1. Using Cα pairs under 8 angstrom and six or more residues apart, how large is the relative contact order of segment 302-381, in percent?
2. Using a simple charge model, +1 on the beta-carbon of Lys and Arg, -1 on the beta-carbon of Asp and Glu, nothing else, what dipole does segment 377-441 show about its Cα centre, in debye to the nearest 20?
3. If we sort 455-468, 302-315 on the protection proxy, mean other Cβ atoms within 10 Å, highest first, what's the order?
4. What do the square roots of 5 times the Cα gyration tensor eigenvalues come to for segment 249-291, in whole Å, largest first, as semi-axes of the equivalent ellipsoid?
5. Compare the peptides 360-371, 12-23 by average per-residue count of other Cβ atoms within 10 angstrom and give them in order, highest first.
6. Along the three principal axes, how long is segment 238-392 when you take its alpha carbons, biggest first, rounded to the nearest angstrom?
7. Got the relative contact order for segment 351-494 handy, in percent, Cα pairs under 8 Å and 6 or more residues apart?
8. Considering only protein heavy atoms and a probe of 1.4 Å, how much of the accessible area of segment 321-408 is carbon and sulfur, as a whole percent?
Amino acid sequence: MKTLYLDCSMGAAGDMLASALMELLPEQDSFIERFNALSIPKVVIEKEKSVKCGITGTHISVKVDDVEEDDNMYEHYHEHENGDHVHEHEHHHEHENGDHVHEHEHHHEHENGDHVHEHEHHHEHENGDHVHEHEHHHEHENEDHVHEHEHHHEHENGDRVHEHEHHHEHENGNHVHEHEHHHHHTSMYDIEHIVSCLDVSEKVKKDVLAVYNLIAEAESHAHGKPVTKIHFHEVGTMDAIADVTMVCMLMEELAPDKIIVSPVHVGSGQVKCAHGILPVPAPATAYILKDVPIYGGKINGELCTPTGAALLKYFANDFGGMPVMKTHAIGYGMGKKDFEAANCVRAMLGEAEDKTDVVLELSCNVDDMTAEEISFATEKFFDGGALEVYTIPIGMKKTRPGTLIRVMCIEDIKEKMIELIFKYTSTIGVRESETKRYVLDRKIEKIESPYGEVRKKISSGYGVKRCKYEYEDLAHIAREQNISIEDVKKMIEE
């Protein structure tokens, strides 16, 4: 069975996952050319060699307008309500030979149209024999505007390096403030439009939007806002769309039968985001990784981003240790940050052995239980985690007709299952036998139909592959549309 194992013991970001998967391809440059031809707005990717703790791997640089975003994707998600915005950006520019150092810190908070701006202006000129310090404070009542400006400029030898243009208009107390910095935001509707225009398969488009929906739902839950009020910072959105699209395209090209992910190392400490200082993992990441094995570890930093978490949650068929497999290709996807341990995702592609395991069979005989009582007991066994429960009519002592009840379970829940058998049956003894079984590997795919989503169970191994639609999903559509289950199957296949 073609199996992909992702080692996320050093966390996972979208670019790290994409980089690791791309290293599994024999023609990496060809993939980069195809991806850049998609023309995601303002986005270009480049492959870079990267070394972490002596290990050589690949880092895919995603540039938006020739600028590479930072690793903290959590900063790109914002909540908006009635026009409210919360932004926090830090820009640092250094120019050599132009003797110019320029630092900006912009903090914008908007609530119901209210604005608060803070800027700092400081000018220092050497050999120009003058030093200027300016602090401008503007307060506007009735329109609820407060602006504070402070800019830092350093000019040596009288060199003039930087110019700002600010336009202020005051009319009847109204204030208009124009900057050369513009902040744009993208909603899920905008993302759907961008993805719909990409020259990729319908499966890739579906996968990209499904991953983004996981992120939007997590942000919605974290902020207590509807998904429709969740917006994404423009630059961060382009960067994240590139990461997510790359991973979805690579998954389609590699086409593994099964994807297994290690327990995810999320990091520890705190992370600075647009809303303030938050614990690691950030709230959206923690929400996405519900029901996934994760751990914090000793490294102080955010090792798993919301984008990385959503990709793992969406594609993983299972979380756990590396299976027995013959490895054909190995890829290392490197992050940008350096820690005391190698900041990378390792991807391993190969053939896993067909699955065998050991199960326990717990059996008892009863001759004084009604059919209703046995049916109720069977339900309780399944609720308790039984793999299978079945009954066989038997002849007992004194020629009495009776029932053999057999419960199959794994070793870990044996004691619990024995307790349930004694509680819900009339038996006074339970027999145990150990059985080795050979099983096909199973995974679930979700199929979109005109009448809703249908789960498709795919089983493979030992040279065979079988597919079957989930009965409950078929029956639900058949009842709603007043058609037969066979007609529902035909409709889905057509």
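The values are calculated or read from the model by the stated rules, or taken from the named source; none is laboratory data. The shown structure was predicted, so the numbers you read here are calculated from the model rather than taken from an experiment. Positions of Cβ are backbone-derived with ideal geometry, glycine not excepted, and every protein chain shown enters the neighbour counts. With ligands, DNA and RNA removed, areas are computed over all heavy atoms of the protein, side chains included. Shrake-Rupley method; radii C 1.70, N 1.55, O 1.52, S 1.80 Å.
1. After rounding, I find 23 percent.
2. 540
3. 302-315, 455-468
4. Whole-Å semi-axes of the equivalent ellipsoid: 30, 13, 9.
5. Result, highest mean Cβ count within 10 Å first: 12-23, 360-371.
6. 68, 42, 30
7. Reported as a whole number, the value is 25 percent.
8. Carbon and sulfur together cover 52 percent of it.
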